[in-house]
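Structure first, commentary second.
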Amino acid sequence: MQILSNTNSFKGIFTAIVTPFSPDGSIDWRGYERLVDLQLDGGVHGIVSCGTTGESPTLSSEEKQSLIEFTVRKCAKRALVIAGTGGNETQKTVLDSKKAAQAGADAVLVVTPYYNKPSQAGLEAHFKAVADECPVPVILYNVPGRTGVSLAADTVGKLSQHPQIVGIKEATGNLNLLTEMKAAVAARPSSKPFYFLSGDDPTFWPFLACGGDGVISVASNILPRCMRVMYEDWNEGRIGGGLSLHERLLAFFNTLFIEPNPVPVKAVLSWEHQTHPRVRLPLVEMQQENGEKLKAVWNALLPHLKKDRPREDLHG
């Protein structure tokens, strides 16, 4: 894979990578290396380490730092590295973001503070405080289903003016909100680009049609090439092919969230002998009934996913 020529462009497929654990609960570093290799071989544009999919709430500060450093070394500028550093305490978020930058991350992903449910003024102040002190680009992360608070479109427009805030991971799946956010950003012209990344695999294709720039994906842990093909189809005008691939993958995308993320995606990775399905409490491994549903959807998809098949066969 070629070295990236523009490490400031946050467009394309970014994998929200899982953190594999050994049966004893420690990080499975060999498994993690296999997963990073799978992403690089699949042509993703970047890897998000220590995000929600990476079970960041259950990782120690030392584990997070080690994962970010390892990912930076392994990617070696072949893909961007974005570090999940968000939290619900501003000064700790600032500190963690600085540490991630020192480890070599190209950007940080900062979620809206959870549980304390700040106002829009509080959200604006929080993100500005982080961006003021962070030496690498900051990407906002809006996922109210997990945090209990949502960034308003006007707040995103205001934050887009900050020189260090370069984009947002918009994970609501609400395309009306995306359109409102884009309008709020456009109403405040800036000399720098502002990127819109989907955080919802099932609506990724329509997200592109509404002017999105890419996705921070759970499914690309397993299907990096498919996600890359779908993105390229949109950008290169193969609309019919990309739509066909979206329709083929949609049931799988939806079933990946039949239980809390990353439980289902880890189950599929274990079936493909990539990692152990273990998650850390309070998450537990896939329940049998849901596991059977997911396996049926996955098995129906498998014949279309042979690695040696050309682009056309992914659509067929």
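The values are calculated or read from the model by the stated rules, or taken from the named source; none is laboratory data. Because the structure is predicted, anything quoted here is derived from the model rather than measured. Methodologically, a virtual Cβ is constructed for each residue, glycine included, from the backbone with ideal geometry; neighbour enumeration extends over all protein chains shown. All accessible areas refer to the heavy atoms of the entire protein, side chains included, with ligands and DNA or RNA removed. Shrake-Rupley method; radii C 1.70, N 1.55, O 1.52, S 1.80 Å.
Using a 1.4 Å probe, what is the accessible area per residue for the stretch 88-146, in Å²?
Working: 2560 Å² over 59 residues.
About 43 Å² of surface per residue is accessible.
Using only side-chain charges placed at the Cβ, +1 for Lys and Arg and -1 for Asp and Glu, the dipole size of the stretch 1-150 relative to its Cα centre rounds to 280 debye. The charge dipole of the chain, taken about its Cα centre with unit charges on the Cβ of Lys, Arg, Asp and Glu (plus for the first two, minus for the last two), comes to roughly 400 debye.
Across the stretch 189-316, C-alpha contacts under 8 Å between residues 6 or more apart give a mean separation that, scaled by the residue count, equals a relative contact order of 20 percent.
Set the Förster distance to 35 Å, then compute FRET efficiency between Glu62 and Ser191 from the Cβ-Cβ distance, nearest 0.05. Can you show the working numbers first?
Numbers: r = 39 Å, r/R0 = 1.10.
E(calc), rounded to 0.05, equals 0.35.
Computed over the stretch 177-217, the Cα gyration tensor eigenvalues convert (square root of 5λ each) into semi-axes of 20, 11, 7 Å, ordered from largest to smallest.
Stretching the chain fully between Arg30 and Val284 yields a gain of 89.2 nm (0.36 nm per residue, less the alpha carbon separation). Ordered from longest to shortest, the equivalent ellipsoid semi-axes for the stretch 1-93 are 22, 17, 10 Å, each the square root of 5 times a Cα gyration tensor eigenvalue. Put simply, when 283-289, 216-222, 255-261 are sorted by average Cβ atoms within 10 angstrom per residue, most first, you get 216-222, 255-261, 283-289.
Diffusion of the stretch 193-245 by Stokes-Einstein, at 10 °C in a medium of 1.306 mPa s and with Rh set to the Kirkwood radius over alpha-carbon pairs, works out to 144 µm²/s.
Rounded to the nearest 10 square angstrom, Leu175 shows an accessible area of 50 square angstrom against a 1.4 Å probe. Computing P(r) over Cα pairs in 20 Å bins from 0, in percent for the structure here picks out one of [x] 34, 60, 5; [y] 26, 48, 23, 2; [z] 30, 59, 11, 0, namely [x]. Dipole size of the stretch 97-180 about its Cα centre, with +1 on Lys/Arg Cβ and -1 on Asp/Glu Cβ: approximately 240 debye, rounded to the nearest 20. Spread over its residues, the convex hull of the C-alpha atoms of the stretch 182-271 is 113 Å³ per residue. A dipole drawn for the stretch 22-70 from +1 and -1 charges on Cβ atoms has a positive end, and of Val48, Gln65, Ser26 the residue lying farthest that way is Val48. For the peptides 58-70, 125-137, 106-118, the ranking by mean Cβ contacts within 10 Å, running from highest to lowest, is 106-118, 125-137, 58-70.
In whole percent, and with a 1.4 Å probe on the protein chains, what portion of the accessible area of the chain is carbon and sulfur?
Details: 6740 of 13100 Å².
C and S atoms contribute 51 percent here.
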